[in-house]
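Here's the structure, in structure tokens; my notes come after.
The values are calculated or read from the model by the stated rules, or taken from the named source; none is laboratory data. A quick note: this is a predicted structure, and the numbers were derived from the prediction, not measured. No Cβ is skipped: glycine too gets one built from the backbone with ideal geometry, and neighbour counts run over all protein chains shown. Calculation scope for accessible area: heavy atoms of the full protein, side chains included, ligands and nucleic acids excluded. Shrake-Rupley method; radii C 1.70, N 1.55, O 1.52, S 1.80 Å.
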Amino acid sequence: MNLNGKSNEYDVIIIGGGITGAGTARDCSLRGMRVLLLERFDFAAGATGRNHGLLHSGARYAVTDKESASECIKENMILRKIARHCVEENNGLFISLPEDDINFQSKFVESCHEAGIDAQIIDPAEARRIEPSVNPNLIGAVKVPDGSVDPFRLTLANIIDAKAHGAQILVYHEVTALIKEQGRVIGVAVWDHKKKESTNYYAPLTINAGGIWGHNIAKMAGIEVGMYPAKGSLLIFGHRVNNVVLNRCRKPADADILVPGDTICLIGTTSSHVGFDEVDDMRVTSEEVDLLLREGEKLAPALATTRILRAYAGVRPLVAADNDPTGRNISRGIVLLDHETRDGVPGFATITGGKLMTYRLMAEKATDLACAKLGIDKPCTTMNEPLPGSRNEEPESTDKKHATSPIRRSTIGRHGDLAARISTDNEVDNSLVCECEDVSVGEVKYALKELDVHNMEDLRHRTRVGMGTCQGELCACRAAGLLSEAHNCAHQAKADLARFLNERWKGMYPVAWGEALREGEYTQWVYKGLCGMNKMEEK
């Protein structure tokens, strides 16, 4: 169903470029709708890019939230098939320590089985063999099908497929108002942060997938959604202490998950209520760092002597029931609100709640609603359709196991079968930009050309430049040079480099002691003393 084919008219407008918005854009475009997705910053800039990247088996919720646990294990199995290049199948252990109630273990396993999760009690000695870093004092262990998933790759893969099926994707475009006519939402007013201009777009249905910011988007329609901002803080360590996900076998609590991913591992999360005036600038406190370290060392004692790279925090888009404004009974379940039936505002819907793990199901539910509204009879196929990067269209050039070059293996690990598009034709393209993460010049050029990269932060999300041990100390200036060349503007690239380094420092500041502090001081010397960035700031 298209609306006259005009350039600013669509079947559905989706607000929010996190994983839920990206997945909904993909599903809607696969079902033949003319789609516009609007994101005020970059993809995955909110909660999607600020979690622990756990491929939930659902075991964590099995005792307290069986519906969410069942959804997680089903989506876990689907993602292993359709998004292989985003997933590490490293399994998980739920361990009991001497201070834990070992009797909880049997209830935990019984609840897992009821939710369809393959949970197996194993001997503590077997757990130590599977994961040598685990606390040797454990008194019980349960093996579950947890894993790791890269939220940036997953979001990007959905965006790539949505665009391939005709969706228009606009980043750095902020919705400033909902356009209403006779009580119906008929479109949105949008501010283009790059061109500094405003444009109106129209569609019979607008879907609010703005995460915690969806609270304010709903207010534009005069609607209250009982959002409950819940801050979660995490620490990233400089290398992988563990290769199996470690959890505490108890009811969900602070700092009880240690997840390995790519070259690092991370401990999280905390959980605290914050105000809406804080959600755009989350800072990790020293008390949260202490808590994460104290509890993390109980899972893996080696964390006590492992360098911490940085701290960060995100905000979960939880929704309280309409009759529970205190938020005491909040579930991690999926919330789809049809504002026509709920609030008498046609043309508008909100999809929120849920988790990274259940994004595809959230997108399916939102798209089913869109189909019903627009009179489209086409079933969802996203549970079977592999995402770009996991299709193995060119297996001979994307076989990670047989790639001889470490750079090539890293590239394939990040982009899957799309790595075949990355140039390896000459010495320059094969040279490294980022030694920590093995990011080549060819990969940066590919990201700049095909993956909607506008600045250094975008590049970091696409390639992991600046996310390794040096936190951009050595690679940032090289990457800025390539952006300068691509955008033909050295001044813009230098300003972007300064913003990138300041953002990196924001994450290092809460853990700035010992080696991390020395690294920070060295970085400051390189960019201020050697590169003269301080002179640029003075101008």
Of Ala69, Ala125, the only residue that is open to solvent by less than 20 Å² (accessible area, probe 1.4 Å) and without any contact (Cβ under 8 Å) to a residue 60 or more places away in the chain is Ala69
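This table checks each residue for (1) surrounded by fewer than 23 Cβ atoms within 10 Å (Cβ to Cβ); (2) modelled with pLDDT of 90 or more.
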position: Lys251; (1), (2): yes, no
position: Pro260; (1), (2): no, yes
position: Glu297; (1), (2): yes, yes
position: Ala302; (1), (2): yes, yes
position: Thr305; (1), (2): yes, yes
position: Arg310; (1), (2): no, yes
position: Gly314; (1), (2): no, yes
How do the pairs read when you match residues in segment 507-534 that are at negative phi with residues anywhere that are exposed (fewer than 12 other Cβ atoms within 10 Å of the Cβ), using Cβ under 8 Å and keeping only pairs 6 or more apart or on different chains?
Pro510/Ser286
Which residues, taken from segment 89-107, are among the hydroxyl-bearing types (Ser, Thr, Tyr) and open to solvent by 20 Å² or more (accessible area, probe 1.4 Å)?
Ser106
Collect the residues in segment 454-474 that are open to solvent by less than 10 Å² (accessible area, probe 1.4 Å) and of a type in the set (A, V, I, L, M, F, W, C), keeping them in residue-number order.
Met456, Leu459, Val465
So, Asp496, is that one open to solvent by less than 60 Å² (accessible area, probe 1.4 Å), more than 30 Å from Arg84 (Cα to Cα) and not aromatic (Phe, Trp, Tyr) or not?
yes
Going through segment 1-26 one residue at a time, which ones are modelled with pLDDT of 95 or more, touching a helix residue (DSSP H, G or I) at 6+ places or on another chain (Cβ under 8 Å) and part of a loop (DSSP other than H, G, I, E, B)?
Asp11, Gly16, Gly17, Gly18
Of the residues Gly116, Gly140, Gly166, which is more than 20 Å from Leu54 (Cα to Cα) and open to solvent by 20 Å² or more (accessible area, probe 1.4 Å)?
Gly166
Only one of (1) surrounded by 15 or more Cβ atoms within 10 Å (Cβ to Cβ); (2) in a loop (DSSP other than H, G, I, E, B) fails for Asp281. Which number is that?
(1)
Just checking, which of Asp42, Asp27 is of a type in the set (Asp, Glu) and surrounded by fewer than 24 Cβ atoms within 10 Å (Cβ to Cβ)?
Asp42
Given the criterion in contact (Cβ under 8 Å) with a residue 40 or more places away in the chain and over 22 Å from Ile412 (Cα atoms), identify the matching residue among Val87, Val134.
Val134
